[in-house]
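To start, the structure under review is shown below, and the notes come after it.
The values are calculated or read from the model by the stated rules, or taken from the named source; none is laboratory data. No experiment lies behind these values; they were computed from the predicted model shown. Every residue, glycine among them, receives a Cβ derived from its backbone with ideal geometry; neighbour counts consider all protein chains shown. With ligands, DNA and RNA removed, areas are computed over all heavy atoms of the protein, side chains included. Shrake-Rupley method; radii C 1.70, N 1.55, O 1.52, S 1.80 Å.
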Amino acid sequence: MKKVVISASSLPAGRNMSSQIEYLNRVQNYGADMYHFDVMDGSYTRYQSIDYTYIEQLREKSVLLFDTHLMVNEPDKVVSKYIKYGSDIITFHIEVLQEDKILQLIKKIKKAGKMVGLAVDLNTDIEQIDKYLDKINMVLIMSVQTGKTGQEFDKSALKKIKHVRNLNKDILIEVDGGINDKTAPQCIRAGADILVSGSYIYNNDVYDAVQNLKGKNG
Ligand code: DX5
Ligand code: ZN
């Protein structure tokens, strides 16, 4: 049986550095596989969140894979910082750039030796990703509208996961938003490999929450 990977979202821990350090330590001690840096610029999204300066400080404190989700309008302007300060996977949104710029940015991230993901927001047609699938390592499927933690899972994500999985057996599929012990198994059955979790892990005992999310796929 395929193992599922849990990526704990940074968003519930807010913008205070000591809260971020405390939370990162907690999730890494209690079973999360990756730390999901939710970067919001206050332009693509309504609110702003943490940026690369946090990654710079947290990198030396952690052995977890750093999974950076850039919810920003100009990922091409900031990506070098995320490469430099220790992201392992860098994901940007398909909605914010034209095709030629998307292709350039994919190349740049790969050339730097990082994994590259493309994210599809809740109201974006999944077919838009098809032509990029052979060029990227991961597809991030949003199951809520980007911008805040604690929203309810939208089942349309399950169809999108299946669409990608049918086209490509090997690509990593990450799902993000409203993941809990009920929605996690649905995503795993549909073909997801990586589950991002914000409020479910943050508001529960971390160890129990991670085990519940992994279920039989732990
Ligand atoms: C939303 C972020 C998510 C979010 C997940 O814009 O990309 O990563 O923090 O939080 P929950 O799991 O609470 O929906
Ligand atoms: Zn995210």
Between region 1-56 and region 162-201, the alpha-carbon center distance in angstrom: 18
All-pairs Cα distance distribution in region 1-85, expressed in whole percent, bin size 5 Å: 3, 14, 26, 25, 17, 10, 4, 1, 0
Value of [θ]222 nm, deg cm²/dmol, for the chain, DSSP H segments ≥ 4, -39500 (n - 2.57) each, nearest 500: -10000 deg cm²/dmol
Carbon/sulfur fraction of accessible area - region 138-214, other protein chains in place, 1.4 Å, %: 45
In region 17-61, GluC sites (Glu not before Pro) in a DSSP loop with at most 14 other beta-carbon atoms within 10 Å: E60
Length gained when the stretch S156-E74 is fully extended (0.36 nm per residue, less Cα-Cα span): 26.8 nm
Rounded to 5, percent antiparallel among DSSP beta bridges of region 3-98: 5
Antiparallel bridge percentage (DSSP; both residues within the chain; nearest 5): 5
The chain: relative contact order in percent, alpha carbon pairs under 8 Å with at least 6 residues between: 22
Rounded accessible area of Y202 (nearest 10 Å², 1.4 Å probe): 90
Surface accessible to a 1.4 Å probe, K110 within the full protein complex, Å²: 90
For the chain, Kirkwood radius (reciprocal of mean inverse C-alpha pair distance, Å): 17.0
Residue-level accessible surface for K2, protein heavy atoms, 1.4 Å, Å²: 90
Region 1-93: relative contact order as a whole-number percent, Cα under 8 Å and 6+ apart: 26
Å² of accessible area per residue within the chain, as computed with a 1.4 Å probe and no ligands counted: 46
